[in-house]
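Below: the structure, in structure tokens.
The values are calculated or read from the model by the stated rules, or taken from the named source; none is laboratory data. What you are looking at is a predicted structure, and each value in this text was computed from that prediction instead of being measured. Reconstructed Cβ throughout: ideal geometry from the backbone, glycine too, with neighbour counts over all protein chains shown.
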Amino acid sequence: MNAFTLDDRVARNPSILGVETDEREILLMDEDSGNCFALGGSGLLVWRATEQPIRVRDICAALRTHYRIDEETCATQTLAYVAHLAAENLLCRLPDPE
């Protein structure tokens, strides 16, 4: 898979089930594999942002409203995290709309 860019559109994998335990954590389960995950902090913000298709750059913008982080660091870390979530089958890269 090619590396993610800030212009890539991503969304949640529809086969992922999730339950927010409180305002700070969500538990996820991949129906297909049975793998379970827990996301909190910035991971929870990323998950909430991907409820609808969104560009990675817009996820960065949302994170920067919650955290004091410079744009370059936020972009680097968000791209790495999105790639990790995609590798775990939690997020899907979407084609550009025509």
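Observations
- Positions within the stretch 64-98 being in a helix (DSSP H, G or I), more than 28 Å from SER33 (Cβ to Cβ) and free of Cβ contacts under 8 Å to residues at least 12 places away in the same chain, in sequence order: ARG64, THR65, GLU71, GLU72, THR73, THR76
- Any hit, the stretch 28-43, residues being over 21 Å from ASP96 (Cα atoms) and part of a helix (DSSP H, G or I): yes
- Screening the candidates VAL19, VAL10 for the property of being within 12 Å of the chain's Cα centre (by Cα) and among the aliphatic types (A, V, I, L, M) yields one hit, VAL10.
- Residue in the stretch 64-78 that is surrounded by 13 or more Cβ atoms within 10 Å (Cβ to Cβ), hydrophobic (A, V, I, L, M, F, W, C) and within 11 Å of the chain's Cα centre (by Cα) present: no
- Of all residues in the stretch 48-69, those that are at pLDDT 95 or above and acidic (Asp, Glu) total 1.
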